[in-house]
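I have placed the structure first, in the form of structure tokens, so that the comments after it can refer back to it.
The values are calculated or read from the model by the stated rules, or taken from the named source; none is laboratory data. The structure presented is a predicted model; accordingly, all values stated were derived computationally and were not measured. What goes into the accessible areas is simple: the full protein's heavy atoms, side chains included, and nothing from ligands, DNA or RNA. Shrake-Rupley method; radii C 1.70, N 1.55, O 1.52, S 1.80 Å.
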Amino acid sequence: MLADKVLNQQMLLSGAGFALYNESKNKSWQLAWLYRSLHHPQRLVNKLCLNKASQHFVDYQTFSWFSIVQETEKGYLHGPYVDYICNSTYTLTYLYPVYFEKKLIGVAATDVMVGQLEQILRDSLGDDYLPVVMTTLSGRILFSNLPHYRVGELKPNDALTAHLKSQYFTLWGEGCECGAMPP
């Protein structure tokens, strides 16, 4: 499985899989998901759900992220949110639509635990860097090296200046004469 290969190569990723799209609400959906165990990071756990009567079934087609990917036909960064299904931690999920003969057949996805991302950013942004806050486009905080900005909360309207905007996130910092974040 491709998800197995991706997860073994990228330790930052905590889960990966594929949700098969089915236009008929009467048929069973198919969801294959592989995730890294919190207690045994080298061990991957496989979840395969083919039966919507299953106790563990989640109808992902009712979730906002599925609708957004389906409508925009583009990749989408969802979160942060608490992933109660796999790891019960703050998680970011990147979703991307998959097409066959110009028809949507499903959504491929990968998960990143926010705590792991925070650790990497914190290690990269030592004391020599300006204070920074990273948010989703909707303003939900993904990372901050400032103590009064908490992951998952909405960034308040305050004196921070947007220094870098991408299609997935915005980096905010305190105003400076140079007008840009340090490298």
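Observations on the structure shown:
- Expressed as a whole percent, the accessible surface of the range 90-142 that belongs to carbon and sulfur atoms is 56, based on a 1.4 Å probe.
- To the nearest 10, the accessible area of S138 is 90 Å² with a 1.4 Å probe.
- Rounded to the nearest whole Hz, the Karplus-based 3J(HN,Hα) values (6.51 cos²θ - 1.76 cosθ + 1.60, θ = phi - 60°) of the range 161-170 follow the sequence 10, 6, 9, 8, 10, 10, 6, 10, 8, 10, with x at glycine and proline.
- Long-range amide H partners of T89 with built H, under 5 Å: D83
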